[in-house]
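Asker: I have a structure I would like to understand better, so I am pasting it below and will then ask my questions one at a time.
Values quoted throughout were computed directly from the atomic coordinates according to the rules given, and no laboratory measurement underlies them. Predicted model only: the values in this text are computed from it and were never measured. A quick note on method: Cβ atoms are made from the backbone with ideal geometry, for glycine too, and the neighbour counts reach across all protein chains shown.
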Amino acid sequence: MSLRLGDTAPDFEQDSTIGKLHFHEWAGDSWVVLFSHPADFTPVCTTELGLTAKLKPEFDKRNVKAIALSVDGAEQHGKWIRDIEETQHTVVGFPILADIDRKVATLYDMIHPNQSETATVRALFIIDPKKKLRLTLTYPLTTGRNFDEVLRVLDALQLSDQYSVATPGNWKDGDDVIIPLSIKDEEVIKQKFPKGYKAERPYLRLTPQPNK
């Protein structure tokens, strides 16, 4: 059965490049970006892991841990990491799960038979500190992911959690945000959004980003 937003992210123990990894324990109180790859020593995956490694300072600012997965073994991952670091000019500072038995891939529905019977698709999950699934993205084998979008969504989710706002299409950090329809009381709105708001329609109320 596929995972749905708001579900508890399944826990697991699996081998990885940092040894046996107990997922929920490893995640701790951090947000997590869990993402899968079809195989080691493949070109698109190499660029994606390089990009993720370079984003470590941005992930750290957002209290985010990254963890990758493919169905190859930890020893092979180690050899591949050397290639990634040399070709992408970075240091891979996050673990890669060695999901040889496809235990995690099955838990997270990462194998789509119409794409491949054995390789995982480019699945990505954002999981919050309460271990709740907050976002899923699935890309085909031939298309690399947009990691700028991953950062944008993390910013939006964390902003929404802290300030009870929604974010419009193409929102970026610093743009106006939306007061949700669930907040109706004007006194509450004044308290929560002291910068005021502009109502394009009664249901479309825009206010400056609260933490800017």
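Asker: Among the lysines, which fall within straight-line cross-link reach of Lys195, defined as a Cα-Cα distance under 20 Å, with same-chain neighbours fewer than 8 residues apart omitted?
Answerer: Output for Lys195: Lys172, Lys184, Lys212.
Asker: Filter the cross-link list Lys103/Lys131; Lys61/Lys131; Lys20/Lys54 down to pairs whose alpha-carbon distance in this structure exceeds 22 Å.
Answerer: Going by Cα-Cα distance, Lys20/Lys54 fall outside the 22 Å limit.
Asker: log10 I(q)/I(0), Debye, Cα-only the range 11-122, no solvent, q = 0.23 Å⁻¹?
Answerer: For the range 11-122 at q = 0.23 Å⁻¹, log10 I(q)/I(0) is -1.39.
Asker: HN-Hα J couplings of the range 87-97 from phi, Karplus 6.51/-1.76/1.60, θ = phi - 60°, integer Hz, Gly and Pro as x?
Answerer: So the Karplus estimates, Gly and Pro as x, are 7, 9, 6, 7, 10, 7, x, 9, x, 10, 5 Hz.
Asker: Run the numbers for Lys192 and Glu13: contour at 0.36 nm per residue of separation, minus the present Cα-Cα distance, in nm.
Answerer: Stretched fully, the Lys192-Glu13 segment lengthens by 60.2 nm.
Asker: Turning to a different aspect of this structure: Please compute the Kirkwood hydrodynamic radius of the chain from all pairs of different C-alpha atoms, in Å with one decimal.
Answerer: Every distinct Cα pair counted, the radius reaches 18.6 Å.
Asker: Right, here's the next one. Compute the acute angle (0 to 90°) between the alpha-carbon long axis of helix 147-163 and the principal axis of greatest extent of the alpha-carbon atoms of the chain; round to the nearest 10°.
Answerer: The angle comes out at about 40 degrees.
Asker: A further question on this structure: Straight-line reach from Lys198: which aspartates and glutamates fall under 18 Å, measuring Cα to Cα and dropping same-chain residues less than 8 apart?
Answerer: Of all the aspartates and glutamates, those that pass the test against Lys198 - Cα under 18 Å, at least 8 places apart if same chain - are Asp175, Asp176, Asp185, Glu186, Glu187.
Asker: Roughly how tilted is helix 43-54, in degrees to the nearest 10 and between 0 and 90, from the longest Cα axis of the chain?
Answerer: Once rounded, one gets 50 degrees.
Asker: Please compute the modelled spin-label separation between Lys131 and Ile100, points set 7 Å along Cα→Cβ, answer in nm with one decimal.
Answerer: Label-label distance for Ile100 and Lys131, simple model: 2.7 nm.
Asker: Using only the Cα atoms of the range 164-207, what do you get for the radius of gyration and for Dmax, in Å?
Answerer: 10.0, 29
Asker: Please list the radius of gyration and Dmax for the range 87-212, considering alpha-carbon atoms only, with Å as the unit.
Answerer: 19.5, 56
Asker: Compute the orientation-averaged projected area for the range 1-66 from the convex hull of its Cα atoms and round it to one decimal in nm².
Answerer: 5.7 nm²
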